[in-house]
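Participant: I'd like to ask some things about the structure below.
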Amino acid sequence: MHCLKLGSRIGLTLRAPLVVLMLGGAASATLTVAANAQQPIVVASTEKPSADNLNAIFKNQACIPTKALTQFDAPLTRTAKRLNDHEPVTIVAIGSSSTGGAGASSPRFAYPSRLERELRQRYPDSPVTVINRGVNGEDAADMMARLDEVLAPKPDLVIWQLGTNTVLRGGSIPATSDVLQSGIARIKATGADVLLIDPQFAPSVNAKPAVNDMVGMIGLVGKQAHVPVFRRYVAMQHWHDDQSIPFDRFIIADGLHMNDWGYSCLARLLADDIATVATRSRTVAGIKAQQ
């Protein structure tokens with residue numbers, strides 16, 4: 001199975017990559033890289049992070065929606081039903097270093113941990129557990145190889161972040177499409193929902209022209225498989241281009257990974273979109289019950 005030819009034909013309006021690496025005075029953190037490539041990359045902030053006030057740390061930049069660009073156009077049927085019925089929800093996040101939390105000051109600031117907190121605030125009557133299965137450096141084929149591990153907790157939702165490492169290494173986008181389609185089918189066969197996250201808008205990624213094709217392919221596969229895609233690339237581009245937030249406010253000095261504020265905002269927007277899907281599902285169910 002091969003993906004459709006990508007590029008201008010898929011109708012995406014992504015801007016040309018912007019190659020900028022911002023270092024020095026404006027940055028409020030220093031980079032510490034572990035000797036072992038499989039260890040997380042950690043940013044040691046000069047200010048103590050507060051779980052409840054990240055905006056104050058990062059110059060009061062607002063974490064606001066991206067004008068409906070990140071809203072899902074496909075349902076999360078099982079997840080929405082369990083949230084609306086106040087039942088426990090198990091989410092497994094699979095991905096590479098930006099799922100594992102590289103760039104965060106501690107594991108509790110990785111996006112899966114922040115997402116769990118955000119969803120628990122919105123649904124206090126539904127015990128929500130988000131399990132982090134991110135591994136530094138992996139591509140889609142590596143993640144596919146450990147899908148049994150991901151599915152072992154019997155998740156209601158699998159959030160699959162992919163594409164960045166393939167772009168950085170010049171890997172095959174059609175091959176990634178094949179793996180992605182097979183993985184979605186396996187996850188759906190268990191009854192779990194699937195949610196995709198595309199690459200990040202960051203200097204190191206934007207320097208690779210193939211990022212546009214990767215973003216387009218993930219969107220196309222999501223549409224064909226009828227699974228939602230969180231358009232991280234567009235959301236982060238909105239922060240930088242439309243809100244005029246410098247890269248060093250949400251990307252660490254390596255030009256690739258997000259910092260605490262970036263992960264927190266990502267999780268907040270993701271939780272908002274999941275909640276919107278659940279509300280929509282509840283509304284539709286209510287209308288049907290009245291008919």
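Participant: Just to be sure I understand: if I project the alpha-carbon convex hull of the stretch 140-262 onto a plane and average over all orientations, what area do I get in nm²?
Facilitator: 7.9
Participant: Next question, about the same structure. Suppose we keep just the alpha-carbon trace of the stretch 197-290; what are its Rg and Dmax in angstrom?
Facilitator: Cα only, the stretch 197-290: 16.1, 55 Å (Rg, Dmax).
Participant: Going 7 Å from the Cα of Arg282 along its beta-carbon direction, which residues of the stretch 76-97 have the amide nitrogen within less than 12 Å of the resulting point?
Facilitator: The answer is 80-87.
Participant: For the stretch 89-202, what log10 I(q)/I(0) values come out of the Debye formula at q = 0.11 1/Å, with one point per alpha carbon and no solvent?
Facilitator: Rounded to two decimals, the profile gives -0.35.
Participant: Moving on to the next point. Provide the solvent-accessible area of Arg146, counting protein heavy atoms only and rolling a 1.4 Å probe, rounded to the nearest 10 Å².
Facilitator: 30
Participant: Report the full-extension gain for the segment Arg146 to Arg122: residue separation times 0.36 nm, less the Cα-Cα distance, to one decimal in nm.
Facilitator: Additional length available on full extension: 5.5 nm.
Participant: Tell me the label-point distance for the pair Asn84, Gln181, using the 7 Å Cα-to-Cβ offset, in nm and rounded to one decimal.
Facilitator: Going from the Asn84 label point to the Gln181 one covers 3.1 nm.
Participant: On to the next question. Specify which residue in the list Gln224, Pro127, Ile159 is farthest towards the positive end of the charge dipole of the stretch 76-233, using unit charges on the beta carbon of Lys, Arg (+1) and Asp, Glu (-1), about the Cα centre.
Facilitator: Final value for the positive-end residue is Pro127.
The values are calculated or read from the model by the stated rules, or taken from the named source; none is laboratory data. What you see is a predicted model; the values in this text were computed from it and never measured. Quick reminder, even Gly has a Cβ in these numbers, built from the backbone with ideal geometry, and neighbours come from all protein chains shown. The area values use the complete protein model at the heavy-atom level, side chains included, leaving out ligands, DNA and RNA. Shrake-Rupley method; radii C 1.70, N 1.55, O 1.52, S 1.80 Å.
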